1. When the dipole is taken about the Cα centre of the chain, and only Lys, Arg (+1) and Asp, Glu (-1) are charged at their Cβ, what size is it in debye, to the nearest 20?
2. Among ALA26, PHE115, SER73, which residue has its Cα positioned farthest towards the positive end of the charge dipole of segment 25-125, with +1 placed on the Cβ of Lys and Arg, -1 on the Cβ of Asp and Glu, and the dipole taken about the Cα centre?
3. Would you work out the charge dipole size for segment 34-107 about its Cα centre, treating the Cβ of every Lys and Arg as +1 and the Cβ of every Asp and Glu as -1, and quote it to the nearest 20 debye?
4. Quickly work out the ASP156-to-TYR111 label distance, labels modelled 7 Å from Cα along the C-beta direction, and quote it in nm with one decimal.
5. Order the peptides 47-59, 10-22 from the highest to the lowest mean number of other Cβ atoms within 10 Å of their residues.
6. Before I look further, what does the chain give for accessible area per residue, probe 1.4 Å, in whole square angstrom?
7. Leaving out ligands, DNA and RNA, what percent of the accessible area of the chain is carbon and sulfur, probe 1.4 Å?
8. Past 27 Å, Cα to Cα: identify those pairs from LYS49/LYS101; LYS91/LYS147; LYS101/LYS147; LYS91/LYS193, in the order given.
Amino acid sequence: MARDDKRELLLQATLELVATHGFHGAPCAAIAEQAGVAAGTIYRYFDNKDVLINELYLSLENRINAALLEGYSVEMPFRERFLHVVRGLLKFFILSPLEFKYIEQFHHSPYGVAFRRDRMLGQIESEGCCSIYTELFTQGVAQQVIKDLPRVLLFDLAFGPIISVARNHILGFIQLDDILIDQIAEACWDSLKR
């Protein structure tokens, strides 16, 4: 087995265990067992569990970014770019429930709170999908297309409903289809537009 294959196995095992049992329910020994590798193998790829958790999150962000960029163009009208991103994010979440659960747990953990705070307040460079959101919000406010609110509130208004709706879909409270996804994206737009 190639070196990168074991690393990917460890990331996938971490995703599965954390999504199912939380961070405390995913000790390194259980991650190694789930990945089918020796317990010490984790430390050949990651300095510690914290690094593993953060690298998995960044890997998921990269996957979301790739999904959002499919069919995305800066040449599209602003509103269409916004709707594209909202639809893409919601579809990614409902098609990837483990990833969604991991991201939710990460965002509500000490790992994610500090990370999100630093990003939202511009203390660390926004990359990946976060840079798309930041670019949209910056342009939208500058062009007076969306409300001039603090960035954190723009995120909440645009993506808070997406997270709630994705959670309800994954829990089986509602079954989303393309028509509902379009309506939800429009509702998110309505919450931000001037």
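The values are calculated or read from the model by the stated rules, or taken from the named source; none is laboratory data. All figures in this text were calculated on a predicted structure; none of them were measured in a lab. A quick note on method: Cβ atoms are made from the backbone with ideal geometry, for glycine too, and the neighbour counts reach across all protein chains shown. Please note that ligands, DNA and RNA were not included when accessible areas were found on the heavy atoms of the full protein model with its side chains. Shrake-Rupley method; radii C 1.70, N 1.55, O 1.52, S 1.80 Å.
1. Numbers: 19 positive and 25 negative charges, 66 e Å.
Dipole magnitude for the chain comes out near 320 debye.
2. SER73
3. Details: 8 positive and 9 negative charges, 37 e Å.
Magnitude of the dipole: close to 180 debye.
4. The modelled label-to-label distance comes out at 2.5 nm.
5. Those peptides, ordered most packed to least, come out 10-22, 47-59.
6. Details: 10050 Å² over 194 residues.
Using a 1.4 Å probe on heavy atoms only, each residue of the chain averages 52 Å².
7. Values: 5370 of 10050 Å².
Looking at the chain in its full context, I get 53 percent from C and S.
8. Numbers: LYS49/LYS101 18 Å; LYS91/LYS147 25 Å; LYS101/LYS147 30 Å; LYS91/LYS193 22 Å.
Cα-Cα > 27 Å for LYS101/LYS147; rest within.
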